[in-house]
Amino acid sequence: MKSGAGLVVATILIAACAGGPELPETGTAITGATIYAAPDADPMVGGTILVSGGRIVDVGPAKSVRIPKSYEQVDAAGQFAVAGYWNSHTHLV
C-alpha cells in the first residue's frame, strides 16, 4: 500500500511539472483586456487571450497565461472582450 501511495504522489508531481498542453507555434496574444467570460462571472481585468487557427487556445489572468515568443502581441488595455453569449430564451411564432 505504501508504494502505491508513493506512485500516485510521484505521478501528480510529474504532471504538475509538465507545463500544461502544447500550444500551437503561431498565433496572437491579446493582452491587457477586461474579459467577460460568462454573464454570471466577475470580469477578468488585465486578462490574456491566446488565439491560433481561429480558435481560442488559452485565456486567463496575465500571470497565468504563458505567451509563446512567436506569437504576435496585441495590446488591448482599456478594451473589453466578451464571450459570444447565446440567448436560449426565444419564441418561434
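A few remarks follow.
This table checks each residue for (1) at pLDDT below 95; (2) surrounded by 10 or more Cβ atoms within 10 Å (Cβ to Cβ).
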| site | (1), (2) |
| --- | --- |
| 48 | no, yes |
| 55 | yes, no |
| 58 | yes, yes |
| 62 | yes, yes |
| 74 | no, yes |
| 80 | yes, yes |
| 83 | yes, yes |
| 89 | yes, no |
| 92 | yes, no |
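- Entry remark, region 34-59: residues being at negative phi and outside any loop (DSSP other than H, G, I, E, B) number 16 in total.
- Among the residues of region 5-12, none qualifies, meaning not one is surrounded by 10 or more Cβ atoms within 10 Å (Cβ to Cβ) and either assigned to a strand (DSSP E or B) or modelled with pLDDT of 95 or more (or both).
- If the condition is being within 13 Å of the chain's Cα centre (by Cα), under 11 Å from residue 82 (Cα atoms) and not β-branched (Val, Ile, Thr), then region 34-66 contributes 36, 37, 44.
- Region 22-43 residues that are open to solvent by 70 Å² or more (accessible area, probe 1.4 Å), paired with ones that are modelled with pLDDT of 90 or more and aromatic (Phe, Trp, Tyr) (beta carbon under 7 Å, 6 or more apart): 36/80
The values are calculated or read from the model by the stated rules, or taken from the named source; none is laboratory data. Values in this document were obtained by computation on a predicted structure and should not be read as measured data. Backbone-built Cβ (ideal geometry, glycine too); neighbour counts: all protein chains shown. What goes into the accessible areas is simple: the full protein's heavy atoms, side chains included, and nothing from ligands, DNA or RNA. Shrake-Rupley method; radii C 1.70, N 1.55, O 1.52, S 1.80 Å.
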